[in-house]
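Rule-based calculations on the coordinates, nothing more; no lab input. Computed from a predicted structure; not experimentally measured. So basically every Cβ, Gly included, is an ideal-geometry build from the backbone, and we count neighbours across all protein chains shown.
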Amino acid sequence: MSGIAVIGAQWGDEGKGKVIDLLSAHVDVVARYQGGPNAGHTVQVGVQKFFLHHIPSGILHGQTTCIVGNGVVILPEGFQEEVRTLAEADISVDGRLFVSSRAHIILPDHLEADARNEEGAVRIGTTKRGVGPCYQAKVGRTGLRVEDLLDSSRLEARLEAIGVGTDAAPLAETAASLKKFGDFLRPHVADTGDLLHRRLKEGARVLFEGAQGTLLDIDHGTYPFVTSSNSCAGGIAPGLGIGPTAVDGVVGVMKAYGTRVGEGPMPTELNDAVGERIRERGYEYGTTTGRPRRCGWFDGVLGRYAVQVNGLDCVALTLLDVLDEFETVRVATGYRLGDKLLDTIPLESWALAEVEPVYQEFTGWQQDTSAVRNFADLPQRAREFLAGLEKILGCPIGLVSVGPARDQYIIPEGSQLRTWFPQV
Ligand code: IMP
């Protein structure tokens, strides 16, 4: 293998950080292709927890080169803070962290606009990190890119041309702080597309790291309750400046149940004691905002959709242990919409808010799985649940995570992941 993608296949927060951290020990390069400070990857190394927003979690492995691609949007204060936190833990980013000169910068005006929009009629429940307005400026061709920070006279001219300094902070103030950020960033700025091409040509193993999840994709998610980038696997090529043929395989990360933060439809949401139990057992609170996540059963209809949209080769199923104590575990296999029975998502996005899930019920295994490391040692009923999920999804499960620690995972026999990463 040379290029494998690990992407979110639900509404984000699927536990990608852990899977990426595990696999990035065996790759040479980890590359982020979209999103920005809205993402929050939690990686636990020993007793220390790292919260990364822009920087790929591969940075925690000393040998790995990390790329922040052109498709990513960068919040200067947030980015600097991450580098500082890593430095405090003696993790050096020098010569290993590269940022695309074409990545866009989140400006004070974008932060203001995000907050303002959230008070308007269409509330999305954003992370308020200015991500949507920054992508809006990019597509509207009034964005500021990393390259603009590198020359102060060009920077001021560009800021003036795009009308910065009228709202949140005066131009001179914004220009001065962006210039400082440019100086901070300068040693890391690179033509990351070219860098990736060269590394791939040399035979380097590359991991493409997704942020958010498929159902938050601007085109394929639950629009308008989505983020503003292509978080599905299709976003990799434009977000990094490589051809789609560079992606040899795609792993979709899914939780053993469902969560969502922010507004928008979630057919399997449980506003009851069961939902609360999932939230408490899974500690389902946002990494970036601390918001309690909406919890519910695994949605197999949306899961099948994610398999299709991303062309998944296999699923990495996380947080199985959260379901350990449940008497029954349910998975939605279809929807009822009026008098119709659907096995795919409805044609119109809005109808997803009106469907009633049809569930398949599994008997709970009611045993602790957190210490299990071999598939055969899982309780019989947990194995039945996993086999049922594979059938519902039409996609094999290549990894099962049973806890937050690095070693709490199981690779089933014949897993595609083992062919790509014999060492895991
Ligand atoms: P934005 O990306 O901040 O504009 O937020 C748009 C939607 O995506 C909101 O529903 C957010 O809660 C959601 N969102 C953005 N980033 C993440 C993430 O990393 N995990 C989960 N949800 C996210």
Task: Size of charge dipole - the range 117-169 - debye, nearest 20, with Cβ of Lys, Arg +1 and Asp, Glu -1, no other charges - done: 260 debye
Open item on the list: With just the Cα atoms defining each centre, how far is the range 129-150 from the range 244-308? Give it in Å.
Closed with: 29 Å
Open item on the list: Can you sort V72, V47, V206 from fewest to most other Cβ atoms within 10 Å of each residue's own Cβ?
Closed with: V47, V206, V72
Task: Local electrostatic count, T333, Cβ distance below 12 Å [Lys/Arg +1, Asp/Glu -1] - done: +1
- [ ] Select from the range 151-212 those GluC sites (Glu not before Pro) which occupy a DSSP coil region and have at most 12 other Cβ atoms within 10 Å, ordered by residue number.
- [x] E202
- [ ] Could you list, in their original order, any pairs among K18/K49; K16/K49; K138/K180; K18/K201 whose Cα atoms are separated by more than 19 Å?
- [x] K138/K180; K18/K201
Task: Nearest-20 debye value, the range 315-370 charge dipole, Cβ charges on Lys, Arg, Asp, Glu - done: 240 debye
Open item on the list: Which one, L320, L302, H197, is farthest towards the positive end of the dipole of the range 195-338 when Lys and Arg carry +1 and Asp and Glu -1 on their Cβ?
Closed with: H197
- [ ] Percent of Cα-Cα pairs per 10 Å bin, from 0 to the last occupied bin, for the chain, please list those.
- [x] 5, 23, 32, 25, 12, 3, 0
Open item on the list: Need the C-alpha centroid separation for the range 316-337 versus the range 110-124, integer Å.
Closed with: 34 Å
TODO: With viscosity set to 0.890 mPa s and temperature to 25 °C, compute the Stokes-Einstein D of the range 91-182, Rh being the Kirkwood radius across alpha carbon pairs; µm²/s, no decimals.
DONE: 174 µm²/s
Task: Net charge of Cβ neighbours under 12 Å - reference F225; Lys, Arg +1; Asp, Glu -1 - done: +1
Task: Formal net charge of residues neighbouring W420 (Cβ-Cβ distance under 11 Å; K, R +1; D, E -1) - done: 0
TODO: Convert 4 °C to kelvin, take the viscosity as 1.567 mPa s, use the Kirkwood radius over C-alpha pairs of the range 1-160 as Rh, and evaluate the Stokes-Einstein diffusion coefficient in µm²/s, rounded to a whole number.
DONE: 77 µm²/s
Task: Backbone N under 19 Å from the A172 label point (7 Å along Cα→Cβ), restricted to the range 136-152 - done: 152
TODO: List, largest first, the extents of the alpha carbons of the range 275-346 along their principal axes, each in whole Å.
DONE: 35, 30, 26
